[in-house]
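This report concerns only the one structure given below.
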Amino acid sequence: MAATKYHRFRHGERCDECGARQWYAQDAIRYCRNGHRLEGFADHEGDEDDFGTQGRVSRRKKEARRKVAVKLTGDDGRELYLEALQLVLLRQVRWLIKEKGFPDDFEEIVRALWALRVRNLPLRESGEVGGERERRRRRGGGGGGGDVDGYASSAASTLFSSQSDGAGFETSDFDLSDATTATWAPDATRRWKLPKLVDTLALCYLGCLVRRLPATTADFCIWAQKGEIEFLAAVNGIPRNVRDRLPAEYHRALQIRDHIPPGRLQAAVQDLVISFNVNFDTIFPPLNYVPVLVRFMTDLTLPVETYLTAKCIAKILETDFSYPIGGKKIRTMDNPEILLVALLVVSSKLLYPLDDTERPPRSYEDPRSMKIDWGQWQKTMREQTNETSSNLLRGEEYKVTAEDVLSLDKTKLDDFMDWFEKIWIGDGDAKTDERIQKLFQDQDRPSVSSNPNEQLNQNEEIEQIGARYAALNNSMILVEPVPDPENLETKKEKQPRDLCPVWRTQDDLPDSARALYSKAASLAGISLNTLVRGATQVERRLEVWCIKRAKQRDIGKGRGIWTDDDDMVD
């Protein structure tokens, strides 16, 4: 009897009963080595009449293997990160032009600023760029989607130049050679750090400064918090194949938690202003403060006298609302936007006292002859700014905590889930992401379009401002004047109505002052402590000016004459 010929199963197959890995054929039937009959096999070497009698063959379905992208490192990873930031910046600029009506040349301005920002970064030499990029593309393969060619946006690489000489990058017809006349040859150990995601918003803001557009850092923060301008979920807008190949540290740099901390964008703008000046002798124009000051005043619903007083104080302080470029310790009030809102609250504090001290005017011509009912002002601001709306305030969804979710009504819960879906539900491949995404599929949520905060057009906003000012005028109180005594000229001490309290911390603020300061800080996108510190610095500068002016009057009454050089001559 001939020896049985055993065959090995194909890779991944075995006997279902005993797990044997070898089989043999007998009478056109297949058996495992241990004699168990294997289904789905027939030998067709026999008669022609047996053709087609084998039956169905079942095979185990193999799981599709996911191709893992190679993580880039070194110069490759840095360049890919820069190109991802370019794409984000490009989308931000085009959104500002399309949705906010920014001028068309705003794109060229931001492009020039970006080229300066990334100039002389520690990347590979220019001769290596082209060949290395092609080899990297061949290694990485296809994949991705949208408007991306290879691993970077072709539009971004075309619009923005990543190096001053344009080596290895496609450049448009806009010549960046005249962007600055300065040459920068820093020490090899002192190089610019790679830009961060917040720097994209800072560059857009600097473009507004150059173009003299009345946009503030608070505006950019609000647009980002509402999800209108690409920022919080910027990493989800980057093509998947780019994200898969980004190093972990750059992937984290593109992720934002849930909001922009107060003052974070102002700090990024200040750092860029100083860096541009140090490296390229670039000085940005001052803030176009008049429309910004008017907007702050109307948003706070303050009388027009506060605007006039703020401009007068600004003239006393001899400020031009420019960003400081270093050379000394930068104070809080040196930031032009913080200075603007500090001037408004200080003017309100001088004209319409925020504490309980009575300061009667000397005559009806005194601005203090009218008094604001700050309690009624707080009520008006709550009613007219949708703080009592049934919907969540746009841009403040991140403040909702786990405990708040349990107590939210259906409308506010829908608003929160809409924001969560818009900001945080990306196109990830993890099974956890898939399970979360299923909860948001085929859901009809009319609350997104019915939110009253989104439906205010320009005319409705004007009507709302008019209604607030009408309520303010109706609550104004006329104060009877109290003239000075006749013998007051012989007294050097000041009356209580000539003194103004100084609040150095937020704990010192009375209720009315806290309400005004908090609202003003929110409009400026800064913390309450920052505004209190800036207002205190403004008041100190005013105090020094008053002391100096009093000395000038005293010397003028004598034989001495006060000169600009602070010298007395007889």
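The values are calculated or read from the model by the stated rules, or taken from the named source; none is laboratory data. Remember, predicted model here, so these are calculated numbers, not experimental data. In this analysis, Cβ positions are derived from the backbone assuming ideal geometry, glycine residues included, and neighbour counts consider all displayed protein chains. Please note that ligands, DNA and RNA were not included when accessible areas were found on the heavy atoms of the full protein model with its side chains. Shrake-Rupley method; radii C 1.70, N 1.55, O 1.52, S 1.80 Å.
Summed over segment 355-374, the residues that are in a loop (DSSP other than H, G, I, E, B), surrounded by 17 or more Cβ atoms within 10 Å (Cβ to Cβ) and in contact with an Asp or Glu (Cβ under 9 Å, 6 or more places away or on another chain) give a count of 2.
Restricting segment 216-255 to residues that are open to solvent by less than 10 Å² (accessible area, probe 1.4 Å) and at pLDDT 90 or above, the residue that is farthest from GLU397 (Cα to Cα) is THR216. With the condition kept exactly as written, say whether any residue in segment 282-294 is farther than 16 Å from THR216 by Cβ and free of Cβ contacts under 8 Å to residues at least 24 places away in the same chain. No: zero hits. Among residues of segment 351-366 that are touching a residue at least 40 places away in the same chain (Cβ under 8 Å) and more than 17 Å from PRO483 (Cα to Cα), those with a beta-carbon under 6 Å from a residue that is in a loop (DSSP other than H, G, I, E, B) and open to solvent by less than 30 Å² (accessible area, probe 1.4 Å) at least six positions away or on a different chain give the pairs TYR352/ILE372. All of (1) part of a helix (DSSP H, G or I); (2) modelled with pLDDT under 75; (3) open to solvent by 50 Å² or more (accessible area, probe 1.4 Å) hold for LEU406 with one exception: (2).
For every residue, the table says whether it meets (1) more than 30 Å from the chain's Cα centre (by Cα); (2) farther than 30 Å from LYS422 by Cα.
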{"site": "LEU343", "(1), (2)": "no, yes"}
{"site": "ASP355", "(1), (2)": "yes, yes"}
{"site": "ARG359", "(1), (2)": "yes, yes"}
{"site": "TYR364", "(1), (2)": "yes, yes"}
{"site": "TRP374", "(1), (2)": "yes, yes"}
{"site": "LEU392", "(1), (2)": "no, no"}
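Of the residues making up segment 293-307, those that are more than 18 Å from SER512 (Cβ to Cβ) and of a type in the set (Val, Ile, Thr) are VAL294, THR298, VAL304. Within segment 308-348, the residues that satisfy the criterion of being of a type outside the set (Gly, Ala, Ser) and either more than 28 Å from ILE283 (Cα to Cα) or in contact with a Cys (Cβ under 8 Å, 6 or more places away or on another chain) (or both) are LEU308, THR309, VAL345, VAL346. None of THR536, THR563 is at pLDDT below 90 and open to solvent by less than 50 Å² (accessible area, probe 1.4 Å) except THR563. Of everything in segment 32-78 that is open to solvent by less than 50 Å² (accessible area, probe 1.4 Å) and modelled with pLDDT of 75 or more, the residue that is farthest from ASP244 (Cα to Cα) is GLY35. Counting only residues that are open to solvent by less than 30 Å² (accessible area, probe 1.4 Å) and more than 23 Å from the chain's Cα centre (by Cα), segment 311-336 holds 3 of them. For segment 264-284, state whether one or more residues are touching a Leu at 6+ places or on another chain (Cβ under 7 Å) and open to solvent by 20 Å² or more (accessible area, probe 1.4 Å). The answer is yes, given that some residue of segment 264-284 is touching a Leu at 6+ places or on another chain (Cβ under 7 Å) and open to solvent by 20 Å² or more (accessible area, probe 1.4 Å).
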